[in-house]
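Notes follow the structure.
The values are calculated or read from the model by the stated rules, or taken from the named source; none is laboratory data. Computed from a predicted structure; not experimentally measured. Positions of Cβ are backbone-derived with ideal geometry, glycine not excepted, and every protein chain shown enters the neighbour counts.
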There are 2 protein chains.
Amino acid sequence: MARIALDAMGGDFAPQATVAGALLALSELDPAHSIQLVGRSAVIEAQLQSLLTGELAALAVHRDRISIEEAPDVIEMSDKPSAAVRGKPNSSMAVGLRLQAEGKSDAFVSAGNTGAQMAASMVLLRLHAGLNRPAIATFFPTLRHPIVVLDSGANVDCSPEELVQFARLGATYAECVLGRTNPAVGLLSIGEEPEKGNAVTKETHQLLQQSDLNFIGNVEGRDLPTGGTDHHDVDVVVCDGFVGNVLLKFYEAIAPMMIETLRNAGVDGAQLEAGLKHLDYSEHGGAPLLGVKGVSIIAHGKSSPRALKNALKAAAQAVTSGMNDMIGQRLAAATETAA
Amino acid sequence: MARIALDAMGGDFAPQATVAGALLALSELDPAHSIQLVGRSAVIEAQLQSLLTGELAALAVHRDRISIEEAPDVIEMSDKPSAAVRGKPNSSMAVGLRLQAEGKSDAFVSAGNTGAQMAASMVLLRLHAGLNRPAIATFFPTLRHPIVVLDSGANVDCSPEELVQFARLGATYAECVLGRTNPAVGLLSIGEEPEKGNAVTKETHQLLQQSDLNFIGNVEGRDLPTGGTDHHDVDVVVCDGFVGNVLLKFYEAIAPMMIETLRNAGVDGAQLEAGLKHLDYSEHGGAPLLGVKGVSIIAHGKSSPRALKNALKAAAQAVTSGMNDMIGQRLAAATETAA
């Protein structure tokens, strides 16, 4: 049973996309799950009314699993991260996260300002003991199975110790949310050999080899689309947030480019869209900010109702799998081993 | 007029691919250009004989623009970079580069051991004054036009000053080999704003802004497949060799992944291959090691005759455009301005 708070005001297409996403998620989730729509009550009520008497009338049966939590302020995309914490303490983002901090909610999802969500999540949920920084984990679709890549943008300059922490966070996430057993962790570098890479990567390689993680060694850029090396499948790929963010944005832009290129070459457009559908980010349910005590899921600013539905389902999975407790236990165990 | 030395023994498919590539290049190049095949004379002779009495018999007319330069040793792919310089002074790589150092050749192309080619090029050709390190420049195909990305793997940890040097090298290359006027230079980062990025990127942004280069600001991962931002086309993208190498290998692996995905989805294979042909690295003629005094072009280890043909044509273009002299002048001018 999960109570999931959704920032109803966050994202380029809010509140239409957020409210519709909530209804779609409830129609697919176990009936024990509920959603808290956080934001301006009147706006949310009106949007619900409009959808339930219109295109989503068939989902009216799920209305009673939705509650509305009033939050008068909205963080804009252009606001500084600090706005979420100090500037607008009654924003939908701050109110939604505070519900979780107070034990009244189990997870938070937003398609709003990412920097603000990170800052507010760190302040209101706080980090697990033993962590320096949280990391954003994203799914990369591959030929084999989706892989978890982190950090995807929360940290631009990382120490080897932080990258090892990210590996641990990512492995627990892959286990809890993707159901991978003993997830295989790869370190992104520019050659298979341990001595290949920049200074941070080489030191991280040594630390990962000494860790209790299922470390398969370095992976290269070419192993990402295939989902592993010639020798190993991979579940989790670790890199700093600069490289991860560049790669993520590059990958997101490639499918549209390929579709345009092939359509210009005369390939049928509908066939292309269908064939490359699994490369669409909206299939993959948002990116968790791992390391905070709780569940905070970052959805794309351009999230469609479908993308938000998938983010809400990922939040439910994170809650019911007990991911947060498991992260706490794994970090504590690693700290004890090191001590 | 260019005399281009080709490492006849270098690459996974040498000497068949190298000798065939030379013949194909001569059939397309201006008759004033010639090629020096460097390696084991007997092996090269036999290969020439076989091709010219077989599948490439139609190209026999170009035989007299080929000379053979004896080099008894071969650098293996598994050899350390130092092998090229100290271990095997009579390798095809060392002999080919020495021809250029002695004024007997104008350019060198190899599909052999990249680390060895870099080391030997730096020792035998030496760097232009004012440079710390050379950089490998590669073409990235985009929706608009190919862009130059550097560094693609020669330097894993770079200072802001080195990245500015790479920008200058890349701009001169784009001007000479791609014919771009006043090439637009972008800095790869994780946001458009100057304050976005890691520590090195932020400092590099400031230095580029103060430079005489046509700096258009930061570009993001999503701008690479499209060939520019919403506001500007880009000709040259600067990044360190860790990020550049990860991206290059990622990009090279994506077209095959897409083709397999779409073929599985029922799209016609031949149509796909034709549509994505311009994403094939073999269309784009090798990657120059920029910064050395001369022309040293690194071809992919898996180079086909067609890929080597394009690398040889790029070498001819680098020579006839006077790229090497222009790089020297630009670097000297920048040093004077700074002094």
Residue check: is B:Leu290 within 14 Å of chain A (Cβ to nearest Cβ), modelled with pLDDT of 90 or more and either in contact with a Ser or Thr (Cβ under 8 Å, 6 or more places away or on another chain) or surrounded by 24 or more Cβ atoms within 10 Å (Cβ to Cβ) (or both)? no
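Got a sec? Which strands (runs of 3 or more DSSP E) wholly within segment A:159-239 have at least 2 residues that are closer than 15 Å to A:Thr138 by Cα and not assigned by TED's automatic domain parsing to the domain that holds A:Leu312?
Values: elements: A:184-188, A:214-219, A:236-238.
Counting at least 2 such residues, we get A:184-188, A:236-238.
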Restricting attention to segment A:306-339, the residues that are within 12 Å of A:Val295 (Cβ to Cβ) and without any contact (Cβ under 8 Å) to a residue 12 or more places away in the chain number exactly 1
Take the residues in segment B:225-247 that are closer than 28 Å to A:Val219 by Cβ and at pLDDT below 95; name whichever of them is farthest from the other protein chains (Cβ to nearest Cβ). B:Gly227
Quick check on my filter: what residues within segment B:176-198 are crowded, with 20+ Cβ neighbours inside 10 Å and without any contact (Cβ under 8 Å) to a residue 24 or more places away in the chain? B:Gly197, B:Asn198
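For segment B:1-55, which residues satisfy the criterion of being in a loop (DSSP other than H, G, I, E, B) and either not hydrophobic (A, V, I, L, M, F, W, C) or not assigned by TED's automatic domain parsing to the domain that holds B:Asp79 (or both)?
Residues of segment B:1-55 that are in a loop (DSSP other than H, G, I, E, B), as a first pass: B:1-2, B:8-15, B:29-33, B:40, B:53-55.
Listed by number, the residues that qualify are B:Gly10, B:Gly11, B:Asp12, B:Pro15, B:Asp30, B:Pro31, B:His33, B:Arg40, B:Thr53, B:Gly54, B:Glu55.
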Within segment B:288-322, residues being closer than 17 Å to B:Gln100 by Cα, part of a helix (DSSP H, G or I) and polar (S, T, N, Q) number 2
Count - residues of segment B:134-156 that are among the polar types (S, T, N, Q), over 10 Å from the mean Cα position of the chain (by Cα) and buried (at least 23 other Cβ atoms within 10 Å of the Cβ): 1
For segment A:187-224 the number of residues that are more than 23 Å from B:Lys80 (Cα to Cα) and more than 9 Å from chain B (Cβ to nearest Cβ) is 12
Of the residues that sit in segment A:142-181 and are small (Gly, Ala, Ser) and over 16 Å from A:Ala287 (Cα atoms), which one is nearest to the other protein chains (Cβ to nearest Cβ)? A:Ser159
Scanning for something surrounded by fewer than 22 Cβ atoms within 10 Å (Cβ to Cβ) and at positive phi, does segment A:88-106 turn up at least one residue? yes
Looking at segment B:108-127, which of its residues are more than 16 Å from the chain's Cα centre (by Cα), surrounded by fewer than 22 Cβ atoms within 10 Å (Cβ to Cβ) and not charged (D, E, K, R)? B:Val123, B:Leu127
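Answer with yes or no whether A:Asp7 is surrounded by 20 or more Cβ atoms within 10 Å (Cβ to Cβ) and in contact (Cβ under 8 Å) with a residue 40 or more places away in the chain.
On the way: surrounded by 20 or more Cβ atoms within 10 Å (Cβ to Cβ): yes; in contact (Cβ under 8 Å) with a residue 40 or more places away in the chain: yes.
So A:Asp7 passes the test.
Could you grab me the full set of residues in segment B:27-42 that are within 18 Å of B:Val74 (Cβ to Cβ), under 27 Å from the mean Cα position of the chain (by Cα) and surrounded by fewer than 17 Cβ atoms within 10 Å (Cβ to Cβ)? Give the steps one after another, and end with the answer.
Within segment B:27-42, the first condition is being within 18 Å of B:Val74 (Cβ to Cβ), and the residues that meet it are B:36-42.
Filter once more, so that each one left must be under 27 Å from the mean Cα position of the chain (by Cα): B:36-41.
Passing the criteria: only B:Ser41.
Take B:Val236 and decide whether it is β-branched (Val, Ile, Thr) and under 16 Å from B:Cys176 (Cβ atoms).
Values: β-branched (Val, Ile, Thr): yes; under 16 Å from B:Cys176 (Cβ atoms): yes.
Yes, satisfied.
Yes/no per residue for (1) more than 18 Å from A:Met122 (Cβ to Cβ); (2) aromatic (Phe, Trp, Tyr); (3) surrounded by 19 or more Cβ atoms within 10 Å (Cβ to Cβ); (4) in the same structural domain as A:Asn245 (by TED's automatic domain parsing):
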residue: A:Leu272; (1), (2), (3), (4): yes, no, yes, yes
residue: A:Val295; (1), (2), (3), (4): no, no, yes, no
residue: A:Ile298; (1), (2), (3), (4): no, no, yes, no
residue: A:Pro305; (1), (2), (3), (4): yes, no, yes, no
residue: A:Leu312; (1), (2), (3), (4): yes, no, yes, no
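Scan segment B:248-287 for residues that are touching a strand residue (DSSP E or B) at 6+ places or on another chain (Cβ under 8 Å), in a helix (DSSP H, G or I) and either among the hydrophobic types (A, V, I, L, M, F, W, C) or more than 8 Å from chain A (Cβ to nearest Cβ) (or both) and jot them down. Spell out how you get there, then give the answer.
Here is the first cut: in segment B:248-287, the residues touching a strand residue (DSSP E or B) at 6+ places or on another chain (Cβ under 8 Å) are B:248, B:251, B:284-287.
Now restrict to residues that are in a helix (DSSP H, G or I): B:248, B:251, B:284.
Once the filter is applied, which keeps residues that are touching a strand residue (DSSP E or B) at 6+ places or on another chain (Cβ under 8 Å), in a helix (DSSP H, G or I) and either among the hydrophobic types (A, V, I, L, M, F, W, C) or more than 8 Å from chain A (Cβ to nearest Cβ) (or both), segment B:248-287 yields B:Leu248, B:His284.
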Which residue, of B:Ser82, B:Ser67, is under 30 Å from B:Arg168 (Cα atoms), loosely packed, with under 15 Cβ neighbours inside 10 Å and without any contact (Cβ under 8 Å) to a residue 60 or more places away in the chain? B:Ser82
